[in-house]
Every structure is written in C-alpha cells, then in structure tokens.
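The values are calculated or read from the model by the stated rules, or taken from the named source; none is laboratory data. For clarity, every value in this text was computed on a predicted model and none was experimentally measured. Positions of Cβ are generated from backbone atoms using ideal geometry, with glycine treated the same way; all protein chains shown enter the neighbour counts.
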Amino acid sequence: MDQIPYIKPEKLREFTNNRRQDFTLLFKKLKAKKPKNLDDVIHELHNEAFDQFDCLTCANCCSTISPVITEKDAERMAKRLKMKAVDFISQYLRIDEDKDYVFKQTPCPFLMADNYCMVYEDRPKACREYPHTDRKRMYQILNLTHKNCEVCPVVFCITDELAKNSIFKV
C-alpha cells in the first residue's frame, strides 16, 4: 500500500463521490458473495495502513462525526470528569434521529487543539473501534465502511486497495 496522506473531509467526500460507482459495485458484490477471506484481506490492509498512518495528524472522525454514546460510555466519561452521569448527559449529549445518544456538537467536545483526546482512556466504545476495519464479518458493515470513506483517509485507501485487488475486482 502506498503512503497514506492526510486528506481533508471535503476532499474525501469528493474522492469517494468520484469512486461511488466502483465502490458501490464492489460492496454489492462482496455482500452477495461473502468471500471467506474478506476479513483476512481487510485486516491485513488495516494493519498495513495503520502501521504508517498516525491518526493524530488527522482527527477527521473527531472533528466531523459524532459517535453513538452508550449509557455505559456516558457513565465512564462522567466519572472521568468527576460529574454525575445525568449532568454529563445534559451538558454534552443529545438524542439523534435513531434514538441514540450522540455529542451535541462537532468537533467532539473532548478533542484538544493537538488532536489528542481529553478522555482517551475512557472514550466511547464507538471511538475505540473506529474505523471498524479490523472487526469480524466485515460483509455486515460494508455500508458503514462505504460511508466512512468520506471521513477517514485510511478507510478510503483500504477500499481503494480492495477495489484494485484482483480477487475482488469489480
């Protein structure tokens, strides 16, 4: 995999839009066939990508989207901030259209100027798992992966590499 540069979210949206037809076809094919080695291939690309990409140079995820916050996440972050969970929820969270807790604002209220996270050790589960390219049964979250191409340079590059892979070629 080539060196992955930082790409601003608006450029990633443009790049993803330019590849929309290719990526949509790729994901449709992968969902239908569910290749046995899909997880292995994506996980290898994930490891290769994150060996060379430093998320601290980016923080697109923290500055443009809000993770789903579970009650457990809210309790853990509230404790970290020495607050009651109810006060934490009132101050930082809202309920979105899917009836999930999300942050009231973007960028994340805990994203610092140097792209470090103020609550990193106690960050939400969704943040810990982002961009979800190392999970099992990737075929189940290909729509999310496609959407994350617009936010994360690594996901865009993994998807681009996957599209070039002769095993999965569209």
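Numbers for the structure displayed
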item: Residue among Lys28, Lys36 that is modelled with pLDDT under 95 and either within 15 Å of Leu142 (Cβ to Cβ) or not assigned by TED's automatic domain parsing to the domain that holds Tyr139 (or both); result: Lys28
item: Condition check for Ala113: more than 21 Å from Leu144 (Cβ to Cβ) and touching a residue at least 12 places away in the same chain (Cβ under 8 Å); result: no
item: Residue that is farthest from Pro153 (Cα to Cα) [pool: residues in segment 3-31 that are surrounded by fewer than 12 Cβ atoms within 10 Å (Cβ to Cβ) and touching a residue at least 24 places away in the same chain (Cβ under 8 Å)]; result: Gln3
item: Enumeration of residues in segment 32-55 that are exposed (fewer than 14 other Cβ atoms within 10 Å of the Cβ) and either closer than 19 Å to Cys152 by Cα or in contact with a Phe, Trp or Tyr (Cβ under 7 Å, 6 or more places away or on another chain) (or both); result: Lys34, Asn47, Asp51, Gln52, Asp54
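Quick grid of which residues meet (1) in contact (Cβ under 8 Å) with a residue 40 or more places away in the chain; (2) within 19 Å of Ile4 (Cβ to Cβ); (3) outside any helix (DSSP H, G or I):
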{"residue": "Glu121", "(1), (2), (3)": "yes, no, no"}
{"residue": "Ala126", "(1), (2), (3)": "yes, no, no"}
{"residue": "Asp134", "(1), (2), (3)": "yes, yes, yes"}
{"residue": "Tyr139", "(1), (2), (3)": "yes, no, no"}
{"residue": "Val155", "(1), (2), (3)": "no, yes, no"}
